[in-house]
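Please treat every number below as a calculation from the coordinates, not as lab data. No experiment lies behind these values; they were computed from the predicted model shown. Positions of Cβ are generated from backbone atoms using ideal geometry, with glycine treated the same way; all protein chains shown enter the neighbour counts.
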Amino acid sequence: MMMLECDAKRLLASVGVNVPAGTVWRRGDAAASVKVESFPVAVKAQVRSGGRGKQGGVQKVADRAALEVAAKKMFDTEFGGEKPDVLLIEPWLAIERESYLSVAVDGRAEGYVVLYSPQGGMDIEEGVPPVRYEVGAPWNFRVHRLREILEKVESDYQWREKVIALAQRLVRSAAAQDCTTIEINPLVKLSDGALIAADAKVARDEWAHFRSAEINAEREAEKGRADPYLRACLDMQHMYVKLDGDIGVISGGAGMTMGAMDMIAELGGSPACFLDCSPGPTSTRGYRPAFAMLDADPAVKVILVSVFGGGTQMQRVATSMKEVMAERKSSKPVIYRLDGTNVDQVDGIFKEFGAHNHATLETAVAEAVKLAGGAR
């Protein structure tokens with residue numbers, strides 16, 4: 001669950017990270033009510049998508065008149081498909097250098113990983129690749145180990161020691177605040193030598209909502225921002241991530257969903273989403289919003305249903321598919337691969353509405369990829 005930059009910086013400031021003193025301008029606020037002590041300032045559109053800087057979402061303005069013009073334009077502009085409801089106004093920083101620092105949950109590290117690059121900014125991908133320190137559990141952080149790694153890429157020892165101290169603070173804070181990612185880009189050095197987080201992206205684990213009132217409130221607000229189809233899926237506790245492909249994947253279990261997506265890519269296709277329906281019930285009520293959302297998505301050409309069940313009974317899933325297909329208006333093809341408990345009953349149910357259950361995921365994916373290719 002991605003936070004806006006202004007909220008991310010508020011969280012970082014609360015754990016002792018140095019951030020610019022900013023002012024928030026919300027849509028609908030009178031210009032006169034927005035207090036700015038001195039100019040020039042940076043005006044930043046607050047959106048959750050990336051790349052806003054290259055789209056004019058970050059501007060330097062020299063006076064009040066220019067600020068009002070820039071604000072009006074930003075409020076009326078979409079950045080990554082999202083119009084900002086909030087602008088962040090910060091002092092224009094006298095930057096001496098930019099670098100990159102992030103902490104993120106990483107499966108290979110079995111916990112947290114620290115990434116650092118001596119170069120930061122908008123074109124970080126084109127600069128020096130970040131070095132990687134696999135921390136794992138936050139209490140495994142070792143200052144001497146990160147120092148050994150940073151010595152290979154960071155020659156300024158004073159800056160290096162500041163980065164190490166900050167990285168340690170970020171790892172501990174990420175664990176305490178249920179953050180899956182804390183990215184500071186750029187992490188800047190000012191002319192007086194101070195270290196400051198000029199920009200920040202923080203993602204928090206939405207599944208920690210039961211122990212955090214703040215995460216729960218943002219989770220509910222995120223549902224409110226979603227379109228009706230996605231909101232229905234979220235209400236069913238489905239896990240959904242939109243991707244750039246054309247094969248919609250409905251599956252049960254994150255591992256099964258990832259396996260299907262990997263196989264789609266291996267066979268030359270491209271998944272349109274990660275949609276794990278396992279948190280919701282295996283019933284028509286559970287699957288109906290998943291199909292409604294993918295049927296409404298013009299990028300989706302084919303839908304692949306891949307469900308493996310131990311505790312989940314496949315005849316119940318098959319019956320749900322039969323009922324959903326009877327209600328469905330879309331003509332997008334649906335490919336099935338159900339396997340597990342009572343799978344022997346699936347073929348009989350599928351025959352009632354003309355569906356076919358593939359014996360293996362490989363053959364199901366191959367058909368989905370073929371149909372998607374023919375639909376392009």
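Descriptive notes on the structure:
- Fraction of alpha-carbon pairs over 26 Å apart in the chain - percent: 60 percent
- Restricting attention to the chain, close to 75% of DSSP beta bridges with both partner residues there are antiparallel.
- On the principal axes of its alpha carbon atoms, region 254-326 extends 32, 28, 18 Å, with the longest extent given first.
- Filtered chymotrypsin sites (Phe, Trp or Tyr not before Pro), region 310-365: DSSP coil and at most 13 other beta carbons within 10 Å: F353
- For I182, I95, I250, the sequence from fewest to most other C-beta atoms within 10 Å is I95, I250, I182.
- Cross-link pairs beyond the 19 Å C-alpha cut-off, checked among K44/K83; K44/K72; K60/K162; K44/K242; K72/K242; K301/K370: K60/K162; K44/K242; K72/K242
- Residue order, fewest to most beta carbons within 10 Å, for R142, R48, R204, R97: R142, R97, R48, R204
- By the count of neighbouring beta-carbon atoms within 10 Å, fewest first, W25, W139, W207, W159 end up ordered W139, W207, W159, W25.
- Here's the picture: charge each Lys and Arg Cβ at +1 and each Asp and Glu Cβ at -1 in the chain, and of L11, T23, A296 the one pushed furthest to the positive end of that dipole is T23.
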